[in-house]
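We did not get these values from a lab; they are worked out from the coordinates using the rules stated. Just so it is clear, the structure is predicted and the values come from calculations on it, not from any experiment. Glycine gets a Cβ as well: all are built from the backbone with ideal geometry, and neighbour counts include every protein chain shown.
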Number of protein chains: 2
Amino acid sequence: MKIVTIIGSHNVPLGQLRNTKQRKVILEELAKLESHPTASELYEIVRKRLPRISLGTVYRNLEILSQFRKINTLHPAGFEKRFDGRTDLHYHVRCVRCGRLDDVPLEPFDTIDEAARNVTGYEILSHSIEFVGVCARCRSHKEKEP
Amino acid sequence: MKIVTIIGSHNVPLGQLRNTKQRKVILEELAKLESHPTASELYEIVRKRLPRISLGTVYRNLEILSQFRKINTLHPAGFEKRFDGRTDLHYHVRCVRCGRLDDVPLEPFDTIDEAARNVTGYEILSHSIEFVGVCARCRSHKEKEP
DNA sequence: ATAACTGCAAACGTTTTGCCAGCAT
DNA sequence: ATGCTGGCAAAACGTTTGCAGTTAT
C-alpha cells in the first residue's frame with residue numbers, strides 16, 4: 001500500500017475542473033475589476049447575479065482558481081502576522097514548501113521608490129519585497145514530493 | 001468644538017509609552033531571535049520568563065511597538081487576502097491612510113531573483129513587491145490629519 | 001455513473017476588545 | 001492622581017470544513 005501526500009488545499013480537485021455558473025461569474029466579475037477585492041467584496045458583487053451563492057463557494061473558487069493560475073492571490077494565503085526585531089529596510093524570502101521565512105541580505109533597492117512614484121501618483125514612503133522559493137533544506141528533501 | 005480623528009488602533013496610547021516588565025521582555029526576546037515569530041510563538045517564548053503573561057498582552061504590545069517603530073510587523077496588520085484577475089507579475093502600492101490598493105505599472109525587475117538566490121541558498125521562484133505610500137486622494141485631504 | 005460542486009452552518013485559528021484591578025509616572 | 005497597562009475571558013473576524021443534496025461531464 002502506498003501513502004500519497006496530497007499537496008494543496010482539501011478543496012482542490014484532483015481531476016478535471018468543471019465549469020459551473022458560479023465559477024464563471026466569479027471569474028468574469030473579477031476580470032472586470034480594476035481593483036483587488038477581498039473575498040467578501042467579490043461575494044457582494046457576485047451576489048447581484050447569483051443571489052443564492054454562498055461566501056464559502058466564493059472562497060472555494062478563489063482558492064481553486066488561484067491554484068490553477070487563473071487568478072492571483074495577493075496577500076499570500078492564511079499566514080499569520082510575523083514580527084521582526086529589525087526595523088531597517090530589508091527583504092524576506094519564504095519557502096513555499098515549509099513556510100520558513102528568512103532575511104535576504106541584499107542592500108535595499110533605493111531607486112525603485114522613485115520609479116513607483118513616477119508612475120502612480122502616490123507619495124511613496126517605502127516598499128517591501130518578499131521572494132518566494134524553496135529553501136535549501138526542502139530542496140534536499142524533494143524526493144518526498146511527487 | 002473640534003472633531004479629532006484618532007489614527008491607529010484603539011489600544012495605542014495617545015500619551016507616553018511606559019516601560020513595563022512585559023514590554024521589555026517581549027522586546028528583548030524578539031531582538032534575540034533571528035527568526036520572525038508569530039505572536040503565539042513569541043508568547044510561548046516570553047512565557048518562560050513571565051509565566052502569567054497573556055496572549056492578549058503580547059498582541060497589544062506588538063501592535064504598540066510596531067506603531068512606535070520599535071519593531072516591524074511583516075504581514076501588514078489584519079489585511080484580508082485580496083484577489084487579482086491578472087496573473088502576470090506586477091507590483092502593488094497600498095495607501096497607508098485609506099487602505100486603497102493599486103497596481104504599479106512598472107516592468108518587473110527580473111534580475112533581483114538571481115541576486116536573492118545568490119545570497120540565500122533558496123531556489124527563487126518569484127517575488128512580490130508592495131510599495132506603501134499615500135495616494136493622491138488622501139494627500140489632498142491631508143488637513144484632516146495632524 | 002461518478003466525481004466535482006454547491007449552499008448552509010458549524011468550526012477553526014488568529015486577533016481584538018471590554019472589564020476591572022494594578023502599576024508606572 | 002492619572003491614565004497607561006495587565007490578565008482574563010468573551011467576542012469578532014476572516015477563512016475553512018463537514019455534510020447532504022445537486023450538477024457537469
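Below, the figures for the structure above:
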| item | result |
| --- | --- |
| Ascending list, in nanometres, of distances separating the A:Asp88 label from those of the other copies (7 Å, Cα toward Cβ) | 3.7 |
| Average other protein chain Cβ within 10 Å of Cβ, residues A:58-65 | 1 |
| Estimated FRET transfer efficiency when R0 is 22 angstrom, pair B:Val12-B:Glu34 (beta carbons, to 0.05) | 0.20 |
| Amide H partners (placed H, <5 Å) of B:Arg97, local residues excluded | B:Cys135 |
| Computed E for B:Thr111/B:Arg86 - FRET, C-beta separation, R0 30 angstrom, nearest 0.05 | 0.85 |
| Residue-averaged beta-carbon neighbours from other chains (10 angstrom radius) around A:87-94 | 4 |
| For B:Gly15, inter-copy label distances in nm, listed shortest first [label point 7 Å out on the Cα-Cβ vector] | 6.7 |
| B:Ser126 versus B:Leu55: modelled label distance in nm, points set 7 Å from Cα along the beta carbon direction | 3.2 nm |
| Other-chain or far-sequence residues with amide H under 5 Å of A:Val104's (modelled H) | A:Tyr91, A:His92, A:Val93 |
| Closest-to-axis residue of chain A (Cβ criterion, axis taking A to B), whole Å | A:Ile129, 3 |
| At 7 Å out from Cα toward Cβ: A:Ser54 inter-copy label distances (nm, ascending) | 3.4 |
| Most positive-pole-ward Cα, B:Pro37, B:Thr57, B:Cys98, against dipole of region B:28-116 from beta carbon charges | B:Thr57 |
